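Some notes on the structure that comes next.
Derivation of every value follows stated rules applied to the coordinates shown; laboratory data play no part. All values derive from a computational prediction rather than experimental measurement. Note: ideal-geometry Cβ built from the backbone for every residue, glycine included; neighbour counts use all protein chains shown.
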Amino acid sequence: MLNVNQLYGNNPYYSEELKVLQRREGRFVNACLMVMLSGAVVSDGLESGQVVSGVGGQYNFVSQAHALPDGRSILMCKGVRGSGKSAASNIVFNYGHTTIPRHLRDFVITEYGIADLRGKTDRENIIQLLNITDSRFQEDLLEKAKKVRKIHADYVIPDLFKNNYPQRLEEAISPFKKKGYFEPFPFGTDFTPEELVIGKSLKWLKAQMTESLSKVSSLGKAMTIRTVPAAAAPYLKRLQLDSPRSAKEKMMQKLVVYALISTGSV
């Protein structure tokens, strides 16, 4: 029998009363794509109409967090997507698609902090969400909120929250990384050591290729590579680029070697 994780109906063997008892002080944690300053959340699709994921599950968890007398919904959102000139905030003023409506707003977490939105006014929501927004985008969002009179014209973001930058986070956790904390896969992984190195290098290469100037520079530097370092051999073998045949494969080999060298992997 299909069982949807919600309080009402759909399973005759579990009454609403039993479900409430089973979920005492329930905390429902989900991830999302974007959060609007109103507290509304985007998780399952884009305003273009493209479907990214199913709405089922997350909405049920969030709604029952509000239905339970002591439940809370926690939505995690990466503060920024992309890098360099292509970087964009995932905390947005408004968006043309909604998964979780604003009246179901609750905890929102980004890498910069936690916003408790439940029962708050729009003004209070905006203040809290700006505090956990990447500082590169705070002022633009604040101006948009002021323009529609959602926040006082003289409001200023406190200095305490004006240093929300990736560099600041990296500096904060760097000492702990040196002690062996914050491993990429703290609970283990099926990836081989070679695959972990390849993944890191290709991720770096992808970031370089998103900007026109960096892309041209990367291609130029990669093409100057004449010999393949011996240390790169196991990684190229895993990608089946150890014996390139076509011009395309030769170019891909150079790009991979360039990425491995640039990330200090070889």
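The long axis of helix 122-131 is offset from the longest Cα principal axis of the chain by roughly 30 degrees.
Summary value for segment 16-168: 22 percent relative contact order, contacts being C-alpha pairs under 8 angstrom separated by 6+ residues. DSSP finds beta bridges in the chain, and of those with both partners inside it, around 50 percent are antiparallel.
Just tell me which lysines come within less than 16 Å, Cα to Cα, of K254; anything on the same chain fewer than 8 places away is out. Correct list for K254: K203, K206, K215, K221, K237.
Roughly how many whole Å is it from the C-alpha centroid of segment 44-113 to that of segment 200-266? So the two Cα centres are separated by 36 Å.
For the chain, taking the reciprocal of the average inverse distance between every pair of different Cα atoms yields a Kirkwood hydrodynamic radius of 22.0 Å. Using a cutoff of 8 angstrom between alpha carbon atoms and counting only pairs six or more residues apart, the relative contact order for the chain works out to 13 percent.
Farthest towards the positive end of the charge dipole of the chain, among the residues G49, P234, I127, is the Cα of P234, using unit charges on the Cβ of Lys, Arg, Asp and Glu. Per residue, the Cα convex hull of segment 190-262 amounts to 87 Å³. Close amide-amide hydrogen proximity is noted between M76 and N30, A31, C32, I109, each under 5 Å apart and 5 or more residues distant or on a separate chain (H modeled in the peptide plane; Pro and chain starts excluded). Counting only other residues whose beta carbon sits under 13 Å from that of N125, what net charge do I get with K and R as +1, D and E as -1? Taking every Cβ under 13 Å from that of N125, the sum is +2.
The count of lysine pairs in segment 16-168 whose Cα atoms are under 30 Å apart, excluding pairs fewer than 8 places apart on the same chain, comes to 21. Of the residues A172, L160, P101, the one whose Cα sits farthest toward the positive end of the charge dipole of the chain, with +1 on the Cβ of Lys and Arg and -1 on the Cβ of Asp and Glu, is A172. Rounded to the nearest 20, the Cβ-based charge dipole of segment 16-168 about its Cα centre (Lys and Arg +1, Asp and Glu -1) stands at 160 debye. For segment 174-198 versus segment 117-148, the spacing of their alpha-carbon centroids is 35 Å. Projected onto the charge dipole of the chain (+1 at Lys/Arg Cβ, -1 at Asp/Glu Cβ, origin at the Cα centre), which of G39, L219, S201 gives the Cα projection farthest towards the positive end? Value computed over the given set: L219.
So what's segment 98-177 giving for Rg/Rh, alpha carbon basis, Kirkwood Rh from the mean inverse pair distance? Computed over Cα atoms, the ratio is 1.02. From its DSSP helices (H runs of at least four residues, each -39,500 (n - 2.57)), the chain gives a residue-normalised ellipticity at 222 nm of -11500 deg cm²/dmol. For the chain, the dipole from Cβ point charges (+1 on Lys and Arg, -1 on Asp and Glu) about the Cα centre works out to 840 debye, to the nearest 20.
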